[in-house]
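This report refers to the structure that appears directly beneath it.
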Amino acid sequence: MTGNRFVVLSNPVDGADDTFNTWYDEVHVPDVLDVPGVVAAQRYDLAELPIPDDEDLPAQLPPPTHRYMVIYELDREPEAVMAQFLERVVTGKMPLHESLDLSTVSLTGWTARGDRRLAD
């Protein structure tokens, strides 16, 4: 394992959460797992965190912009996997669903920095 990851943040179009989540879980994640170099996936729902409106905090955090996240584990460099991913999207081998709000998608590649550390 390389420790490399894709992190995808996304939202459905208004009113399409159920359709979006069904497509993402049953179609899209399996399609992405079929891309060479992608070895695992885990989806997440936003867990809203109440942050007090406190003058003593160093800064006020902006509100979250995405409701869903998926982390894909890679066994090779992110750019190599991204090339395969984009080829499949462009050729229609991995179609995107109309319930996905494309204007909000954020897809980034990440390479491990240092060793994984555990709390005492």
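Here are the numbers for this structure:
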item: Residue check, Ser99 touching a Leu at 6+ places or on another chain (Cβ under 7 Å) and in contact (Cβ under 8 Å) with a residue 60 or more places away in the chain; result: no
item: Flag if Asp25 is at pLDDT 95 or above and either closer than 19 Å to Gly3 by Cα or not hydrophobic (A, V, I, L, M, F, W, C) (or both); result: yes
item: So Pro64, is it modelled with pLDDT under 95, in a loop (DSSP other than H, G, I, E, B) and under 26 Å from Arg113 (Cα atoms); result: yes
item: Unmet requirement for Glu77, which otherwise passes all of (1) within 24 Å of Trp110 (Cβ to Cβ); (2) in contact with a helix residue (DSSP H, G or I) (Cβ under 9 Å, 6 or more places away or on another chain); (3) among the acidic types (Asp, Glu); result: (2)
item: Thr22 over 18 Å from the mean Cα position of the chain (by Cα) and polar (S, T, N, Q); result: no
item: Residue count, segment 1-26 (criterion: among the β-branched types (Val, Ile, Thr) and farther than 18 Å from Glu73 by Cα); result: 3
item: Filter result (part of a loop (DSSP other than H, G, I, E, B), of a type outside the set (Val, Ile, Thr) and touching a Pro at 6+ places or on another chain (Cβ under 9 Å)) within segment 98-120; result: Ser99, Asp101
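Quick grid of which residues meet (1) in contact with a strand residue (DSSP E or B) (Cβ under 6 Å, 6 or more places away or on another chain); (2) closer than 17 Å to Ser10 by Cα:
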site: Asp56; (1), (2): no, no
site: Met69; (1), (2): yes, yes
site: Glu73; (1), (2): yes, no
site: Gln84; (1), (2): no, no
site: Val89; (1), (2): no, yes
site: Glu98; (1), (2): no, yes
site: Thr104; (1), (2): no, yes
site: Arg113; (1), (2): no, no
site: Leu118; (1), (2): no, no
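The values are calculated or read from the model by the stated rules, or taken from the named source; none is laboratory data. Quantities reported herein were computed from a predicted structural model and do not represent experimental measurements. Don't worry about glycine lacking a Cβ; one is built from the backbone with ideal geometry, like all the others, and counts go over all protein chains shown.
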